[in-house]
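Visitor: Take a look at this one; I'll ask things after.
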Amino acid sequence: MEALTPANFFSKARIHVLLFIATFLTTYYVNGPWYSVTIMTILLSHELGHFFMCRKYHVAATMPYFLPLPFPPFGTFGAVIKMKGLIPDKRALFDIGATGPLMGLLFSIPAIIIGLYLSDVRPVPSDTSDYLGLGEPILFSFLSKLVVGHLPDGMDIYLHPVAFAGWAGLFVTALNLLPIGQLDGGHILYALLGKKSAIVYRIGIFLFCVIAILLYPGWMVFAILLLIFGFRHPAPIDEVAGLDRKRKILGIILFIIFLISFTPVPLKL
């Protein structure tokens, strides 16, 4: 076995470090330093949650790949890790799938609260050609009413970059919790239902395609990817052993979090 030295570690990690730096720069370019630091922290915590849980269960996985995008509104396509090993059982599958969204929420919710305190309430401009409206999932709407209070007609919250990063983190968490295929929500659902989850995957893909066609065409690329990759989920080695009660309850809670974090129309142009 090759000894792990600083030289070969940095050689293997080079692409991950370069992509991390590139994504920091694109997010900085799009929305400034506060946004960049906050969204990078949220994305990194999400992926490291998966990574360290893979290490716990001896599942081979890469370090996070960050995906830079030098265009608004996000400056990034997010981040991913690639699991290269077999998952031993449903408990491992559940823990790997659930830890990422939980870690992302752990940073997204405080970012929303702090960012809302730093945000301004102003009149909606008469010329809305450059006005980017954000869809408000139930959780974000609840937090904004808690921090800012009720807004009079014609007024809106102009989000501080930290709050926008928190909103984006919630957006990413909701997408990952879609109960479909090899998304985090798909891992959790398979751990809960086993092969029966295939029925829910089909229903979920159908509903998502309906949303993309009728409500928000911006979802079309993602809907096509789900049609290509979303119907199947690789089985863990042990399909017999189920989940304990705590994990089943947490799984239900995570799908409730998905429902209150997802917005069918995220951007109102």
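The values are calculated or read from the model by the stated rules, or taken from the named source; none is laboratory data. Fair warning: this is a prediction, and the values are worked out from it, not measured in the lab. Methodologically, a virtual Cβ is constructed for each residue, glycine included, from the backbone with ideal geometry; neighbour enumeration extends over all protein chains shown. Keep in mind that these areas ignore ligands, DNA and RNA; they rest on the heavy atoms of the full protein, side chains included. Shrake-Rupley method; radii C 1.70, N 1.55, O 1.52, S 1.80 Å.
Visitor: Of the residues L170, L192, which is open to solvent by 50 Å² or more (accessible area, probe 1.4 Å) and touching a helix residue (DSSP H, G or I) at 6+ places or on another chain (Cβ under 9 Å)?
Guide: So the residue among L170, L192 that is open to solvent by 50 Å² or more (accessible area, probe 1.4 Å) and touching a helix residue (DSSP H, G or I) at 6+ places or on another chain (Cβ under 9 Å) is L192.
Visitor: Mind telling me which of the residues I112, I87 ends up being closer than 30 Å to L151 by Cα and in contact (Cβ under 8 Å) with a residue 12 or more places away in the chain? Let's see the steps before the verdict.
Guide: Working: I87 fails: closer than 30 Å to L151 by Cα.
Within the list I112, I87, the selection yields I112.
Visitor: Provide a single number: the residues in segment 259-269 that are open to solvent by 60 Å² or more (accessible area, probe 1.4 Å) and at pLDDT 95 or above. Steps first, answer last, please.
Guide: First, pick out the residues of segment 259-269 that are open to solvent by 60 Å² or more (accessible area, probe 1.4 Å): 259, 268-269.
Now drop any that are not at pLDDT 95 or above, which leaves 259.
Residues flagged as open to solvent by 60 Å² or more (accessible area, probe 1.4 Å) and at pLDDT 95 or above within segment 259-269 amount to 1.
Visitor: Among the residues of segment 14-37, how many are open to solvent by 20 Å² or more (accessible area, probe 1.4 Å) and touching a helix residue (DSSP H, G or I) at 6+ places or on another chain (Cβ under 7 Å)?
Guide: Of the residues in segment 14-37, 4 are open to solvent by 20 Å² or more (accessible area, probe 1.4 Å) and touching a helix residue (DSSP H, G or I) at 6+ places or on another chain (Cβ under 7 Å).
Visitor: Moving on to the next point. List the residue pairs whose Cβ atoms are under 7 Å apart, where the first residue sits in segment 28-41 and is on the phi < 0 side of the Ramachandran plot, the second is assigned to a helix (DSSP H, G or I) and of a type in the set (F, W, Y), and the two are 6 or more positions apart or on different chains.
Guide: Correct list of pairs: N31/F164; Y35/F164; S36/F24; S36/Y28; M40/F24; T41/F107.
Visitor: Could I ask something else about it? Anything in segment 58-91 that is on the phi > 0 side of the Ramachandran plot and open to solvent by less than 40 Å² (accessible area, probe 1.4 Å)? List them, or say none. Steps first, please.
Guide: As a first pass, look at segment 58-91 and keep what is on the phi > 0 side of the Ramachandran plot: 58, 75, 78.
Answer for segment 58-91, where residues must be on the phi > 0 side of the Ramachandran plot and open to solvent by less than 40 Å² (accessible area, probe 1.4 Å): G75, G78.
Visitor: Give the residue, chosen from S141, S126, that is part of a loop (DSSP other than H, G, I, E, B), of a type in the set (S, T, Y) and either over 12 Å from the mean Cα position of the chain (by Cα) or at pLDDT 95 or above (or both).
Guide: Going through S141, S126 in turn, the sole match is S126.
Visitor: Kindly check whether there is at least one residue in segment 92-102 that is open to solvent by less than 80 Å² (accessible area, probe 1.4 Å), within 23 Å of P72 (Cα to Cα) and in a helix (DSSP H, G or I). Break it down stepwise before answering.
Guide: Within segment 92-102, the first condition is being open to solvent by less than 80 Å² (accessible area, probe 1.4 Å), and the residues that meet it are 92-102.
Still in the running and within 23 Å of P72 (Cα to Cα): none.
No, that holds for no residue.
Visitor: Only one of these is more than 17 Å from the chain's Cα centre (by Cα), of a type in the set (A, V, I, L, M, F, W, C) and farther than 18 Å from P266 by Cα: L192, L207, L215. Name it. Even if it seems obvious, please write down each step before you answer.
Guide: Values: L207 fails: farther than 18 Å from P266 by Cα; L215 fails: farther than 18 Å from P266 by Cα.
Result of the check over L192, L207, L215: L192.
Visitor: So which residues in segment 238-258 are of a type in the set (V, I, T), open to solvent by 60 Å² or more (accessible area, probe 1.4 Å) and more than 18 Å from I87 (Cβ to Cβ), if there are any at all? Lay out the reasoning, then the answer.
Guide: We begin by selecting, within segment 238-258, every residue of a type in the set (V, I, T); these are 240, 249, 252-253, 256-257.
Add one more test, that the residue is open to solvent by 60 Å² or more (accessible area, probe 1.4 Å), and what stays is 240, 249, 252-253, 256.
I249, I252, I253, I256 - these are the residues of segment 238-258 that are of a type in the set (V, I, T), open to solvent by 60 Å² or more (accessible area, probe 1.4 Å) and more than 18 Å from I87 (Cβ to Cβ).
Results for (1) assigned to a helix (DSSP H, G or I); (2) at pLDDT 95 or above; (3) basic (K, R), shown as yes or no for each residue.
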{"residue": "D153", "(1), (2), (3)": "no, no, no"}
{"residue": "I157", "(1), (2), (3)": "no, no, no"}
{"residue": "F164", "(1), (2), (3)": "yes, yes, no"}
{"residue": "L189", "(1), (2), (3)": "yes, yes, no"}
{"residue": "K196", "(1), (2), (3)": "yes, no, yes"}
{"residue": "F231", "(1), (2), (3)": "no, no, no"}
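Visitor: Does at least one position in segment 217-229 carry a residue that is under 20 Å from I96 (Cα atoms), modelled with pLDDT under 95 and either touching a helix residue (DSSP H, G or I) at 6+ places or on another chain (Cβ under 6 Å) or open to solvent by 10 Å² or more (accessible area, probe 1.4 Å) (or both)? Spell out the reasoning first.
Guide: Keep residues of segment 217-229 that are under 20 Å from I96 (Cα atoms), which gives 229.
Then drop every residue that is not modelled with pLDDT under 95, which leaves 229.
Okay, now just the ones that are also either touching a helix residue (DSSP H, G or I) at 6+ places or on another chain (Cβ under 6 Å) or open to solvent by 10 Å² or more (accessible area, probe 1.4 Å) (or both), so 229.
The answer is yes; a qualifying residue exists.
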